[in-house]
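Read the structure below first, then the notes.
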Amino acid sequence: MIKRIHLLLFLLFPIAAHAQTGELTGTVTDAKTGEPLIGATVILEGTSIGDATDENGRYLITRIPTKTYNLVFSFVGYTSITKFNVVIRSEGNPDLNVALQEDAQQLGEVVVTPNPFEKLQTTPLSIQKFSQEEVASYPGGNNDIAKVVQSLPGVGGTVGGFRNDVIIRGGAPNENVYYLDGIEIPNINHFATQGSAGGPVGLLNVSFFEGVTLSASSFDAQYDNALSGVLQFDQRNGNAREFTGNFRLGSSESALTVEGPLFKGDDAEANTTFIASVRRSYLQLLFQAIGLPFLPDYWDYQYKVNHQIDDYNSLLITGVGSIDNFAINELDEYDAEQKAIQEQVPVIKQQTNTVGASWNRRFKDRSGSLRLTLSTNRLENEFSQFEDNVSQSGLYFRNDAVEQEIKLRANVTKFMGDWITNYGGSIQNVSYTNETTDLVNSATFNSAIDFYKYGLFAQSSRSFSDRTTFSFGVRFDGNTFTDSGNELWRTFSPRVSKSFKITEDGTWTLNSSLGRYYKIPPYTILGFENNSGAFVNKNAEYIRTDHAVLGLEYLINDRSRITLEGFFKDYGNYPVSQRDSVSLANKGGGFEVLGSEPVQTIGEGRTYGAELLFQQKFTGKWYAIAAFTLYKSEFTNGFSDEYRPSVWDNNLLISLLGGYKFGNNWEISARYRYLGASPYAPVNRPATLENYPAIIRDFSRIGDQELSAFNQMDIRIDKKWNFRRWSLDVFIEIQNALAQENPEEPQFGLARNEAGEVEDPRRLVQVNLENEAAVLPSIGLVINF
């Protein structure tokens, strides 16, 4: 099989790649103070190739044969770190920066097993980290970070839809927050669901990432509005020595990334660097060519400028944005299912933009640091539905809204003996306008709100002896809009975590955390007006969740581990729709506007379960992750005490990932995902017939019907060529390699004759009677220069 693919790629790219070498550089610093470490050693594992850091903490390794390595970073008095699965190319190798922790071990003759799985004192469990290479080469991910995240332990997604929703341990998709170099971004997807999160395509460029961290519990107190997850994207700096870049061509898009030094002059390296990218989809052209009824068209851009002011001060400016257009395609020939989709999908015009600046200062007395961040984000969303989508006539729903936040955050880190304390605060100005026409629910309003949100936090952590770490924190949040927004005691949110090494050698560790977290309701809820012009949701409370997690970790060796975690999340003050008598936790997973309706924050919920994980780091040939999650997700409608399954209640999640690296820069990897049966709200057929093409659901019947289980295997084959001044990565992906049917809800449309004319009298019929399994092969390439 590999030989046949090699022959195919050779025919496609008839070029000879002679033996080439590459180089790798980066910085080694003290993890606590951020100071450069002079004389730290960097060795390619299993070789004699390496370097020692200079007076700036930088290393440079040249003439490295092009293949994949593990790198070992060491310094006297510090714990060594191994960076796994580092791919060396002739061109296009990003800097690899490492922060080393002081070695507090005083165990005499006891041999301590190094833990290669990075954790934080504030978050000792429910955390996963990925490198840039792991994200970029993820099978089935198509360089889409949201799809990659959906395969992490305990993370599910929307079944049967063209969506990228991130469902963490049974929580709703809008319970997560996202940070780009410490700057919050509201959403990581194109065609975002306003009031929620998720969309069909991710908008972040994986070429920017230095690492990605997902926390599913035990959140640091500096993060507000997190109920289920915190996803942090650490961007790398641009190349400080020369101009480089890459061009990526995938199955649905192309992207160009460039980077390099600014104001370098005759210096070997510049103090100012940049990295910037632009991406354009051609998915709309593919959809039009095969006759699909909708045409998703998008652009996105991303950039970062970093300036090292002096040894103690640095400044970064970063931004990301998108331009989206979800248009309607006129069908060449009549098909009942495609016609129903054409009639029911929304017409979306959307723009997003986030830009921020962050000043980082290390105190000269080595007592800590200060980070000040100023940012703004804006969403413009025109969401329309028509009786005739093709001619855009017969408007029955329109949401024309603008959300904007301007944020100032301050974070101070202080070292006080063995304690590390972080404290600070934030203030945000929020402006929201919404012009809505909703004929189905007889609602029309034009609202505008402008108010402030603010928060205070503190978190302290320390290690006791060499086996116990402890962290506790507290946070308060308030706002000037809701009735009780300034009553800070209502959002008092303590959290505590502890990690204990059961055995002296560190092979067995017990981790635990307890915490309370709050989230302000979405602006779509707060800015909703009734027909009398009153903000009827002004009395809404902050949504609350309490987390309890207990985990056991066993280090098999310095490359692999097994963890077992039990978790419980208890929800309160959850918004409940007065129209549908359902918790809004069950909404927001489709193309809609979440929360623009009268609600009461009286709902309750709970998710609980257990998660088993095996993880094997790259050993020189292979790597693997296997995760099994058993859980329940249940919510009340607020008007009764009955807990009913939510639409995210899959009960069982299985995620398997593995890869094997052959010689000559060949790699094969595979991913398997299983999601158990999914409850859903069936269509209310009489109400839908009366309001068609609007689809009305009967939320009182959630749990009465379920989609069948979802399972899919994706396979990816990579081959890399290296040349004197550029390198080429070619990959073939086969999605749904086992040809499994994708579960679908019954879809309904108007009964029509063979010519596509509506029958009289009107009646609804199911239009998706056949569900064909499709294997989706694709090819892509990345040129590094």
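Every residue in region 269-308 that is closer than 17 Å to Thr27 by Cα and either open to solvent by 30 Å² or more (accessible area, probe 1.4 Å) or without any contact (Cβ under 8 Å) to a residue 12 or more places away in the chain (or both), please. Matches in region 269-308: Glu269, Asn271, His307, Gln308.
Can you tell me which residue is nearest to the chain's Cα centre (by Cα) among those in region 335-353 that are in contact (Cβ under 8 Å) with a residue 60 or more places away in the chain and open to solvent by 10 Å² or more (accessible area, probe 1.4 Å)? Among those that are in contact (Cβ under 8 Å) with a residue 60 or more places away in the chain and open to solvent by 10 Å² or more (accessible area, probe 1.4 Å), it is Thr352. Of the residues making up region 238-284, just one is β-branched (Val, Ile, Thr) and under 14 Å from Asn143 (Cβ atoms), namely Thr257. Taken as a whole, the condition of being over 11 Å from the mean Cα position of the chain (by Cα), closer than 14 Å to Asp649 by Cα, modelled with pLDDT of 90 or more and of a type in the set (A, V, I, L, M) applies to Ala172.
Which members of region 456-486 meet the condition of being assigned to a strand (DSSP E or B) and among the basic types (Lys, Arg)?
Listed by number, the residues that qualify are Arg462, Arg475.
Taking the listed residues Gly424, Gly356, Gly368, the one that is buried (at least 17 other Cβ atoms within 10 Å of the Cβ), in contact (Cβ under 8 Å) with a residue 60 or more places away in the chain and touching a Phe, Trp or Tyr at 6+ places or on another chain (Cβ under 7 Å) is Gly424, with no other qualifying.
Of the candidates Asn399, Asn381, Asn389, Asn479, the single residue that is of a type in the set (S, T, N, Q), open to solvent by less than 20 Å² (accessible area, probe 1.4 Å) and farther than 30 Å from Glu343 by Cα is Asn479. Val782 falls short on exactly one of the conditions (1) loosely packed, with under 14 Cβ neighbours inside 10 Å; (2) farther than 30 Å from Tyr643 by Cβ, and that condition is (1). Summed over region 749-785, residues that are under 13 Å from Asp335 (Cα atoms) and not aliphatic (A, V, I, L, M) total 9.
Taking the listed residues Asp483, Asp477, Asp466, the one that is modelled with pLDDT under 95 and within 30 Å of Leu514 (Cα to Cα) is Asp466, with no other qualifying.
Table: residues versus (1) modelled with pLDDT under 95; (2) under 30 Å from Ser151 (Cβ atoms); (3) surrounded by 20 or more Cβ atoms within 10 Å (Cβ to Cβ).
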site: Arg673; (1), (2), (3): yes, yes, yes
site: Arg685; (1), (2), (3): no, no, no
site: Ile696; (1), (2), (3): no, no, no
site: Gly703; (1), (2), (3): yes, yes, no
site: Ser708; (1), (2), (3): yes, yes, no
site: Asn711; (1), (2), (3): yes, yes, no
site: Lys719; (1), (2), (3): no, yes, yes
site: Arg725; (1), (2), (3): yes, no, no
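Applying the condition of being out of contact with any Lys or Arg (no Cβ under 6 Å at 6 or more places or on another chain) and within 17 Å of Ala240 (Cβ to Cβ) to region 309-331 and asking which residue is most open to solvent (accessible area, probe 1.4 Å) yields Asp311.
If the condition is being of a type in the set (Asp, Glu) and assigned to a strand (DSSP E or B), then region 617-673 contributes Glu634, Glu667. Among the residues making up region 51-71, those that are surrounded by fewer than 17 Cβ atoms within 10 Å (Cβ to Cβ) and in a strand (DSSP E or B) are Ala52, Leu60, Thr62, Arg63, Pro65. Determine the pairs where a residue that is under 30 Å from Phe397 (Cα atoms) and among the charged types (D, E, K, R), located within region 442-461, has a partner that is part of a strand (DSSP E or B) and at pLDDT 95 or above with Cβ atoms under 6 Å apart, the partner being 6 or more residues away or on another chain. So the pair list comes out as Asp450/Ser431. Taking region 402-413 as the range and being surrounded by fewer than 19 Cβ atoms within 10 Å (Cβ to Cβ), touching a Phe, Trp or Tyr at 6+ places or on another chain (Cβ under 8 Å) and in contact (Cβ under 8 Å) with a residue 40 or more places away in the chain as the test, only Val412 passes. Taken together, Ser532, Ser560, Ser577 contain a single residue that is among the small types (Gly, Ala, Ser) and touching a residue at least 60 places away in the same chain (Cβ under 8 Å), which is Ser577.
Yes/no per residue for (1) touching a residue at least 12 places away in the same chain (Cβ under 8 Å); (2) out of contact with any helix residue (DSSP H, G or I) (no Cβ under 9 Å at 6 or more places or on another chain); (3) in a loop (DSSP other than H, G, I, E, B):
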| residue | (1), (2), (3) |
| --- | --- |
| Ala694 | yes, no, yes |
| Gln712 | yes, yes, no |
| Lys720 | yes, yes, no |
| Arg725 | yes, yes, yes |
| Ile732 | yes, no, no |
| Leu738 | yes, yes, yes |
| Asp760 | no, yes, yes |
| Glu770 | no, no, yes |
| Ile779 | yes, no, no |
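The values are calculated or read from the model by the stated rules, or taken from the named source; none is laboratory data. This one's a predicted model, so the numbers in the text were calculated from it and none came from an experiment. Glycine gets a Cβ as well: all are built from the backbone with ideal geometry, and neighbour counts include every protein chain shown. Side chains are part of the model used for accessible areas, which takes the heavy atoms of the whole protein and leaves out ligands, DNA and RNA. Shrake-Rupley method; radii C 1.70, N 1.55, O 1.52, S 1.80 Å.
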